[in-house]
Amino acid sequence: MQDAATPQEDRPWHALEPAEVIRRLDTTPDGLADIEAEERLARSGPNRLPATARRGPLMRLLLQFHNLLIYVLLAAALVTLLLDHLSDATVILAVVILNAIIGFVQEGRAEKALDAIRGMIDPHATVLRDGRRLTVSAEQIVPGDIVLVEAGDRVPADLRLIRAHGLKIDEAVLTGESVAADKAILPVDDSVALGDRHSMAYSGTFVAAGQGTGVAVATGKDTELGHISTLIGTVEVLKTPLIQQMDGFARHMTYAILAVSAAAFLFAFYLQSYSADDAFMIVVGLAVSAIPEGLPAIMTITLAIGVQRMATRNAIIRRLPAVETLGSVSVICTDKTGTLTRNEMMAQAVVTAGGECEVTGAGYGPVGSFRTMGSEIDHQRHPLLMELVRAALLCNDADIRQTSEGWRAEGDPMEAALVVLAAKAGLDTALIRKQLPRTDEIPFDAQHRFMATLHHSHEDGGFILIKGAPEDVIAMCAHERQVDGDRRLNAAAWHSGSEELAARGNRVLAFAMKPARAEQRNLNFADVDSNATLLGLVGFIDPPRAEAMHAISSCHKAGIRVAMITGDHAATAREIARQIGLSDDPRLLTGTDIDRLDEEGLIAAARDSSVFARTTPEHKLRLVSALQADGHIVAMTGDGVNDAPALTRADVGVAMGQKGSEAAKESAGMVLADDNFASIVAAVREGRTVYDNLMKVISWTLPTNGGEALTILGALALGLTLPITPIQILWVNMVTAVALGLALAFEPTEDGTMRRPPRRKGQPILTGELLWRVLFVSILFVAGAFGLFFWAESRGLPVEQSRTIVVNAIVAMEAFYLFSVRYTHGTAFTARGFLGTPAVLIGIATVAVAQAAFTYLPFLQNVFDTRPLSPLDGAAVIGVGIALLIAAEIEKRVRFAVTRR
Ligand code: ATP
């Protein structure tokens with residue numbers, strides 16, 4: 001209840017009358033003037049929430065050590081120190097610290113990059129300024145702005161509603177209530193709880209249905225959402241199923257290594273009669289060499305690089321698992337308008353009972369003429385045409401605006417094209433909209449495919465205008481407008497007229513009108529469902545995107561099916577499918593066909609259809625499920641509020657960054673900054689690359705660790721002199737894991753990546769093939785290491801020199817093996833393969849310098865007990881490296897031949 005003691009000025013916004021809100025905020029129903037908005041922005045600051053506190057750098061650094069593998073290494077360092085092996089302990093610590101620093105720096109860079117990428121999905125809002133609707137960045141909204149919201153929008157600021165039509169808002173973010181709340185403009189009591197303030201729309205909530213207009217009463221941190229800022233800006237950790245799978249694997253492996261190490265210790269101590277001290281150091285060397293401590297960080301970096309590369313191709317990842325899933329997508333379901341086509345609409349044909357005329361012009365510039373049979377007509381003398389054009393202007397929410405880059409559409413491009421049409425017909429668009437104001441409306445919805453508006457004028461009384469899909473509008477009509485009055489509708493003729501326009505690739509809208517009572521103030525579905533008079537049709541062209549054609553053909557080569565799912569007419573969809581090379585004669589299912597099919601039937605029918613026309617968002621959801629049931633990994637695009645369920649259901653939900661609603665973006669795994677189909681395909685390519693690179697990192701790390709560990713284990717088992725000392729193996733690990741392993745994170749896409757079929761669903765990382773490779777290459781390492789060691793001993797070299805040869809040989813083998821691993825699906829023996837990438841070359845150069853220092857610097861010779869090598873030794877070192885590369889490539893070739901068979 002209104003509290004009598006509360007003075008009017010102190011009452012909350014939700015309890016005030018709209019007029020009072022407008023007065024208090026010193027604004028008008030037509031919005032602020034541009035200049036006033038600018039001044040207010042300078043005063044109130046941008047409409048954004050302060051960023052939540054991040055983990056500090058110290059915490060981030062410490063977290064680098066929070067890893068089982070690292071704990072084991074630290075424990076080893078501690079015991080080594082207690083045993084007085086100072087230099088060994090130092091090297092282990094150096095490994096750990098180097099690893100942490102690289103992880104820290106790279107993760108910091110990745111987080112920064114991801115932040116920047118998130119910033120690319122900059123939310124927009126529609127406001128009225130000086131009486132014109134304008135799309136602005138949500139950050140620019142100021143108190144007093146008149147903000148327009150519709151289904152799918154995220155409310156950009158706290159709004160006191162001054163107009164609401166069927167408006168329902170999902171306020172779960174604020175209230176936890178999952179059922180959308182009905183909104184209205186009447187004031188509510190001062191003291192009602194947030195969830196019951198029907199006269200308000202709060203920042204951060206989602207418009208579930210309807211349309212509304214409100215006055216911004218609070219922005220930025222002053223909003224209700226700003227008061228509970230802990231909810232926002234949650235930091236996503238870099239974890240994906242693959243990385244989690246690998247983390248789990250690394251954990252198991254650590255246990256296994258610990259068990260083997262314990263056994264090795266007992267074996268060395270009891271059976272080979274090493275001293276406890278020596279046995280322990282051997283075991284430390286074994287454990288450190290076998291533990292892939294750098295792997296988690298390198299995998300994370302690989303992923304982050306993938307996300308960055310996708311962002312440069314306009315694909316913005318919102319949920320990290322999408323990066324991996326993209327690589328295995330087998331069907332892309334895409335919208336037509338704006339994704340395959342440019343969404344630059346132009347009304348090209350107008351059909352009335354008087355016949356068809358063609359409209360000339362280009363883009364959204366309001367210049368052009370009307371022609372029939374190639375010659376210009378005086379449109380003013382065609383009343384049917386003029387009435388249709390006036391309806392198109394009034395039953396319309398868009399506008400056009402001249403910018404430095406030419407004329408632009410504000411709002412729906414198709415509606416903007418109708419404003420252009422009206423301007424070409426010489427109508428003063430602003431004046432007519434003022435003279436015949438809209439009293440009420442039924443907003444457009446993809447479900448019912450039409451919109452209707454109610455207007456009043458002094459002469460005509462009230463009238464209703466309807467525009468929408470021809471099938472739906474014609475069904476509402478009983479008459480058609482003729483020059484000499486209304487006649488009974490010839491529905492069949494209009495249907496075939498519309499089909500004919502559609503078959504030429506036109507998107508078609510029909511227009512109708514109906515008188516209304518002068519006192520009618522509300523518009524309901526029952527008011528428009530029958531007895532309207534058809535005014536005519538308008539056909540729009542929307543040119544296909546040239547890049548989309550190329551992208552479709554590359555999908556076909558990559559074994560990825562493309563399905564067009566559109567709300568448009570079947571004939572239009574079929575013609576566009578032909579124009580963009582989807583299919584010359586596509587199998588087509590309509591929404592009505594889908595309704596008739598049960599789940600099994602839909603699975604079978606979807607299998608060989610590539611165009612789905614006149615579909616609603618529910619059909620999209622059913623299609624995703626059917627395709628998934630058929631074993632596909634589905635990427636699905638969407639833009640409207642009702643697309644959210646299908647986007648969530650799809651393996652990769654793809655929302656449109658420009659024309660997409662905020663609700664769609666929120667449910668998607670990926671947002672396209674340019675709405676372009678080609679960007680989805682670019683992201684799939686990057687997704688495949690990321691997966692390949694992750695596998696490369698794994699298939700390089702495991703065998704090199706395995707080779708080092710087996711060399712020690714082999715010597716221990718056979719009671720031979722160790723060909724490499726524990727401290728030396730620590731050195732190898734420190735130098736190569738980081739310098740060489742990291743280079744693989746930067747690998748570019750391999751040739752032929754988009755000529756392979758998609759990866760199988762749910763394929764584990766550790767396939768039999770990979771395990772075989774780990775074993776095979778590990779054995780090559782052991783053979784190389786022992787071969788050179790025996791050869792050196794047979795030449796009578798001192799054991800220190802023999803060991804120096806072996807250490808260098810292991811590093812050389814790792815470096816050469818890197819070249820083989822870089823090509824999973826082809827040979828490394830190509831010019832491009834030898835040239836490497838900057839990352840590879842930097843890695844190799846780093847390792848070469850480190851090895852030279854290790855071998856020739858007196859200080860390091862002391863620490864590691866190394867000796868200088870002769871040119872012959874050097875040649876032998878390079879020789880085994882090359883031999884390993886050749887062996888690995890032969891194995892690859894044989895394996896390809898076997899798997900192909
Ligand atoms: P796509 O799914 O490829 O983006 P679409 O844009 O044609 O296709 P919808 O937006 O669902 O899909 O539109 C479905 C149909 O509704 C259109 O073909 C058109 O006939 C009609 N329509 C679209 N926009 C409007 C509008 N603003 N007013 C009235 N009718 C519309």
Using +1 at the C-beta of Lys and Arg and -1 at the C-beta of Asp and Glu, which of Gly874, Ser330, Gly214 has the Cα lying farthest in the positive direction of the dipole of the chain?
Gly874
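To the nearest 20 Debye, how big is the dipole of the range 767-901 about its Cα centre, given +1 on the beta carbon of each Lys and Arg and -1 on that of each Asp and Glu?
Computed about the Cα centre, the dipole is about 600 debye.
I'd like the FRET efficiency for Glu575 and Asp486, computed as 1/(1 + (r/R0)^6) with the beta carbon distance as r and R0 of 41 Å, rounded to 0.05.
0.80
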Once you order the gyration tensor axes a ≥ b ≥ c over the Cα atoms, which shape class does the range 544-603 get: rounded for a/c under 1.5, otherwise prolate or oblate by comparing a/b with b/c?
oblate
Is the range 346-541 best put as rounded, prolate or oblate by its Cα gyration tensor, with a ≥ b ≥ c the root eigenvalues, rounded for a/c under 1.5, and otherwise prolate when a/b is larger than b/c, oblate when not?
rounded
Counting only helical runs of four or more DSSP H residues, what would the 222 nm mean residue ellipticity of the chain come to if each run contributes -39,500 (n - 2.57) and the total is spread over all its residues?
-15500 deg cm²/dmol
Set Lys183/Lys659; Lys665/Lys761; Lys221/Lys434; Lys183/Lys336, cut-off 27 Å on Cα-Cα distance; pairs above it are Lys221/Lys434; Lys183/Lys336
Helix 413-424 vs. the chain, principal-axis angle (Cα, 0 to 90°, nearest 10):
40
Could you derive backbone 3J(HN,Hα) for the range 173-187 from the dihedral phi with the Karplus parameters 6.51, -1.76 and 1.60 (θ = phi - 60°), listing whole Hz in sequence and x where the residue is Gly or Pro?
4, 9, 10, x, 7, 8, 7, 5, 8, 6, 10, 8, 9, 5, x
Run the dipole for the range 684-777 about the Cα centre, Lys and Arg Cβ at +1, Asp and Glu Cβ at -1, nothing else charged, and hand back the magnitude in debye, nearest 20.
440
Could you order Met386, Met299 by accessible surface area, starting with the largest, using a probe radius of 1.4 Å?
Met386, Met299
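Let a ≥ b ≥ c be the square roots of the eigenvalues of the Cα gyration tensor of the range 11-56; is it rounded (a/c under 1.5), or, if not, prolate (a/b larger than b/c) or oblate?
Working: a/c = 4.03, a/b = 1.64, b/c = 2.46.
The shape class here is oblate.
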With θ set to phi - 60° and the Karplus curve 6.51 cos²θ - 1.76 cosθ + 1.60, what are the ³J(HN,Hα) couplings of the range 242-249 in order, to the nearest whole Hz, using x for Gly and Pro?
5, 5, 5, 4, 6, 4, x, 4
Enter the angle in degrees (range 0 to 90, nearest 10) between the Cα long axis of helix 570-579 and the first principal axis of the Cα atoms of the chain, meaning the one along which they spread out most.
50
If ligands, DNA and RNA are left out, what is the accessible area of Ser496 with a 1.4 Å probe, given in Å² to the nearest 10?
70
With the 1.4 Å probe rolled over protein heavy atoms, the chain has an accessible area per residue in Å² of 41
Please compute the length gained on full extension between Thr767 and Asp196, using 0.36 nm multiplied by the number of residues separating them and subtracting their Cα-Cα distance.
199.9 nm
Taking amide H positions as placed in the peptide plane 1.01 Å from N, state which residues far from Val611 in sequence (5 or more) or on other chains have amide H under 5 Å from it.
Met564, Arg587, Leu589
May I ask for the distance between the Cα centers of the range 387-456 and the range 315-360, given as a whole number of Å?
21
Suppose R0 equals 30 Å; then what is the FRET efficiency for Thr846 and Arg756 from their Cβ-Cβ distance, rounded to the nearest 0.05?
0.35
Residue by residue, what Karplus-based ³J(HN,Hα) values in Hz, rounded to whole numbers, does the range 660-670 have, using 6.51, -1.76 and 1.60 with θ = phi - 60° and x for Gly and Pro?
x, 7, 5, 5, 5, 4, 4, 8, 8, x, 9
Ignoring everything but the protein chains, give the 1.4 Å probe accessible area of Ser699 in square angstrom, nearest 10.
20
For Thr240, which sequence-distant residues (separation of 5 or more, or a different chain) have an amide H within less than 5 Å of its own amide H, given hydrogens modelled in the peptide plane?
none
Leaving out ligands, DNA and RNA but keeping every protein chain, what accessible area does Val735 have, in Å² rounded to the nearest 10, with a 1.4 Å probe?
20
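The values are calculated or read from the model by the stated rules, or taken from the named source; none is laboratory data. Since we're looking at a predicted model, the values are computed, not measured. As a convention, Cβ positions derive from the backbone with ideal geometry for all residues, glycine included, and neighbour counts pool all protein chains shown. Calculation scope for accessible area: heavy atoms of the full protein, side chains included, ligands and nucleic acids excluded. Shrake-Rupley method; radii C 1.70, N 1.55, O 1.52, S 1.80 Å.
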